[in-house]
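Structure first, commentary second.
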Amino acid sequence: MPSKKKASLSLLLLGLLALGLACQPAQGVRVARVIDGDTIEISTGERVRYIGVNAPERGAPFSREATRANQELVLGKRVGLERDVSERDRYGRLLRYVYVNGTFVNGELVRRGLAQARAYPPDTKYRALLDSLEQEARAGNRGMWSR
């Protein structure tokens, strides 16, 4: 990719990330338990499924790494939860974008190569950002893209 295009893409990503972080919700609920790389349980007892990402399932390559990274990012911490269009998935879990201390957790897992960007319409607010973070992880041979 020509450097001018790369610079434009980088500026776009930074803008989207800044917009997302500027709009992030207050750090309102504590994470009581991490279920896996893309699901948590909050202090109210509700389970929260991260929107726009899919981490490896238990037993699959990088599932332990994804779960461990999720624990490091959010376990025991107060997080902000942002809704897109849908309230819940078919399993009754809340669908949310998750933020902790200025970090967009959904995106950070993708950036590290520990989750894939996955669009689940109609919840696609950060689709372009997540897709770009996956491209970055692939190009950097991070996590699941290291093989």
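Just a few scattered comments:
- Within region 88-111, being in contact with a Lys or Arg (Cβ under 7 Å, 6 or more places away or on another chain) and closer than 19 Å to Asn70 by Cα holds for Arg93, Leu94, Leu95, Arg96, Val100.
- Checking Arg58 against (1) closer than 16 Å to Asp36 by Cα; (2) at pLDDT 95 or above, the condition it does not meet: (2)
- Scope region 29-55; condition in a strand (DSSP E or B) and either closer than 14 Å to Tyr97 by Cβ or of a type in the set (A, V, I, L, M, F, W, C) (or both); matching residues: Val29, Val31, Ala32, Val34, Ile35, Thr39, Ile40, Ile42, Val48, Arg49, Tyr50, Val53
- Residue list for region 61-75, restricted to those being within 12 Å of Asp38 (Cβ to Cβ) and among the polar types (S, T, N, Q): Ser63, Thr67, Asn70
- Failed criterion for Leu114 (all others in (1) buried (at least 23 other Cβ atoms within 10 Å of the Cβ); (2) more than 18 Å from Ala66 (Cα to Cα) hold): (2)
- For region 67-119, a tally of residues being of a type outside the set (D, E, K, R), under 19 Å from Gly45 (Cβ atoms) and either touching a strand residue (DSSP E or B) at 6+ places or on another chain (Cβ under 7 Å) or modelled with pLDDT under 95 (or both) returns 11.
- Once region 76-94 is narrowed to residues that are of a type in the set (A, V, I, L, M) and buried (at least 17 other Cβ atoms within 10 Å of the Cβ), the residue that is nearest to Arg33 (Cα to Cα) is Val79.
- Pairs are defined by a Cβ separation below 7 Å, a sequence spacing of at least 6 or placement on different chains, a first member in region 66-91 that is closer than 23 Å to Asp123 by Cα, and a second member that is part of a strand (DSSP E or B) and modelled with pLDDT under 95; no pair meets this definition.
The values are calculated or read from the model by the stated rules, or taken from the named source; none is laboratory data. What you are looking at is a predicted structure, and each value in this text was computed from that prediction instead of being measured. Reconstructed Cβ throughout: ideal geometry from the backbone, glycine too, with neighbour counts over all protein chains shown.
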